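Here's the structure, in structure tokens; my notes come after.
The values are calculated or read from the model by the stated rules, or taken from the named source; none is laboratory data. These numbers come from a predicted model, not from an experiment. For neighbour counting, all protein chains shown are included, and Cβ atoms are generated from backbone atoms with ideal geometry for every residue, glycine included. We work out accessible area using only protein heavy atoms, side chains counted, and drop any ligands, DNA or RNA first. Shrake-Rupley method; radii C 1.70, N 1.55, O 1.52, S 1.80 Å.
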Amino acid sequence: MDALVNGVTNQLEALESTLAGLREVRGRFTSEDRSVSAEVDGDGALTGLRLAESVTSRPPAEVARLVVWACREAAARATAQRAEILAGLNESLTPGNVGGDPDSARSDH
């Protein structure tokens, strides 16, 4: 029974750790010329956008492409972070890692 309780406790801790990690996910990207920087959260929502003064000398369509590109790159980085966190959760919840033998709670042992 102790092994079962320990296994469930470990699973709960893994879930809590995962949730905390997902809340902290941020994807950031800055263009090579540093004219556009974007930040998104773990849900892909834009949380920050910085445009350098230099963008005022560019055509609006070019600036728009740079903004969309920076946001897409930031979102890709956030997605990669989320995937890494969720992979860690999956790893911790695999049968060999949850603690105890699944049959250890049976009364015939």
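As I understand it, the value is the acute angle between the Cα axis of helix 60-92 and the longest principal axis of the Cα atoms of the chain; what does it come to in degrees, rounded to 10?
The answer is roughly 10 degrees.
Ranked highest first by average number of other Cβ atoms within 10 Å, how do 35-42, 23-30, 8-15 line up?
Numbers: 35-42: 21.1, 23-30: 15.8, 8-15: 13.5.
Descending packing order for the listed peptides: 35-42, 23-30, 8-15.
Where the only charges are on Cβ atoms (+1 Lys, Arg; -1 Asp, Glu), what is the dipole of the chain about its Cα centre, to the nearest 20 debye?
That gives the chain a dipole magnitude of about 700 debye.
Per residue, how much accessible surface does the chain expose to a 1.4 Å probe? Answer in Å², no decimals.
67 Å²
Which peptide among 61-72, 83-94 comes first, and what is the full order, when sorted by highest mean count of other Cβ atoms within 10 Å?
61-72, 83-94
Tell me which of Ser35, Thr47, Pro59 sits at the most positive position along the dipole axis of the chain, charges placed on C-beta atoms (Lys, Arg +1; Asp, Glu -1).
Pro59
May I ask you to evaluate 6.51 cos²θ - 1.76 cosθ + 1.60, the Karplus curve with θ = phi - 60°, for each residue of the stretch 37-51 and list the ³J(HN,Hα) values in order in whole Hz, giving x for glycine and proline?
Couplings: 10, 10, 9, 10, 8, x, 8, x, 7, 5, 10, x, 9, 10, 10 Hz.
Roughly how many percent of the accessible protein surface of the stretch 9-56 is carbon and sulfur, given a 1.4 Å probe and a whole-percent answer?
Numbers: 1470 of 3040 Å².
Solvent-exposed carbon and sulfur of the stretch 9-56 make up 48 percent of the total.
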